[in-house]
Amino acid sequence: MEKKIAMSLPEEKQHYTYADYYGWDDGERWELIEGVSYLMSPAPFQKHQEVLGKLYLQFADFLKGKPCKVFIAPFDVRLNPETGDDTVVRPDLLIICDRSKLDGKCCVGAPDMTIEILSPSSERHDRFVKFHAYQNAGVREYWIVDPNTRTIQVCILENGKYVVTMYGDNDAVPVHVLDGCVIDTQAVFEE
């Protein structure tokens, strides 16, 4: 049975929930933030994917044999399932240490860490909209990775607000939610 869905643009401010989102099958990639639908940009550029792959490998190597798991996009995260269930995001990379948050198809609740890799089409969304969504949901650590400037903005949640530290392409970045994990930015950004 074919199911047609009429989608509203975010400007219309129609309120959606995870139940709506999960039923969409229009071939597009969407996110919901506070009930507003956002059409995700087409497939990322090569540089984005190279940086994502290098980050994933470092995290996956560190987490071998440990209880936390690393996931790579696309993987749905329902940030507020208890209070409206109207925010569903797809971080480029995420870390989940509480496996009870995994229901077989997505993460239910705030992951311990999210990483977004900037693209020209997603920069404003990642720096502002997702920054506030992750902060409000209680994501303990959020990284914004910029392949063009070769920097990583690390946001650590303290008393409900992010404290931000910037790292460059020759730094060793400690991962606050993973004791002993340090990411080598030179390896992440090497050509």
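Quick notes
- For the range 134-151, filtering for residues that are buried (at least 17 other Cβ atoms within 10 Å of the Cβ) and touching a strand residue (DSSP E or B) at 6+ places or on another chain (Cβ under 8 Å) leaves 11.
- First in the range 1-28 and over 21 Å from residue 83 (Cβ atoms), second anywhere and of a type outside the set (A, V, I, L, M, F, W, C) and at pLDDT below 70, Cβ under 7 Å, 6 or more apart: 25/3
- Among the residues of this structure, residue 112 does not count as one that is modelled with pLDDT under 95, charged (D, E, K, R) and buried (at least 17 other Cβ atoms within 10 Å of the Cβ).
- Qualifying position, being small (Gly, Ala, Ser), assigned to a helix (DSSP H, G or I) and without any contact (Cβ under 8 Å) to a residue 60 or more places away in the chain, among 60, 43, 110: 60
- Count of the range 152-170 residues which are surrounded by 18 or more Cβ atoms within 10 Å (Cβ to Cβ) and more than 16 Å from residue 111 (Cα to Cα): 3
- Note on the range 27-40: residues that are assigned to a loop (DSSP other than H, G, I, E, B) and in contact with a strand residue (DSSP E or B) (Cβ under 8 Å, 6 or more places away or on another chain) total 3.
- Of the strands (runs of 3 or more DSSP E) that lie entirely inside the range 118-185, those containing 3 or more residues that are in contact with a Ser or Thr (Cβ under 9 Å, 6 or more places away or on another chain) and either without any contact (Cβ under 8 Å) to a residue 24 or more places away in the chain or under 20 Å from residue 58 (Cβ atoms) (or both) span 141-146, 151-158.
- As a summary of the residue check, residue 34 satisfies the conditions (1) touching a His at 6+ places or on another chain (Cβ under 9 Å); (2) free of Cβ contacts under 8 Å to residues at least 60 places away in the same chain except for the one numbered (2).
- For the range 1-32, residues that are more than 21 Å from residue 130 (Cα to Cα) and at pLDDT 80 or above total 2.
- The residues on offer are 74, 91, 81, and the sole one that is touching a residue at least 40 places away in the same chain (Cβ under 8 Å), outside any strand (DSSP E or B) and within 20 Å of residue 54 (Cβ to Cβ) is 74.
The values are calculated or read from the model by the stated rules, or taken from the named source; none is laboratory data. Bear in mind the structure is a predicted one, so any value in this text is a computation, not a measurement. Note: ideal-geometry Cβ built from the backbone for every residue, glycine included; neighbour counts use all protein chains shown.
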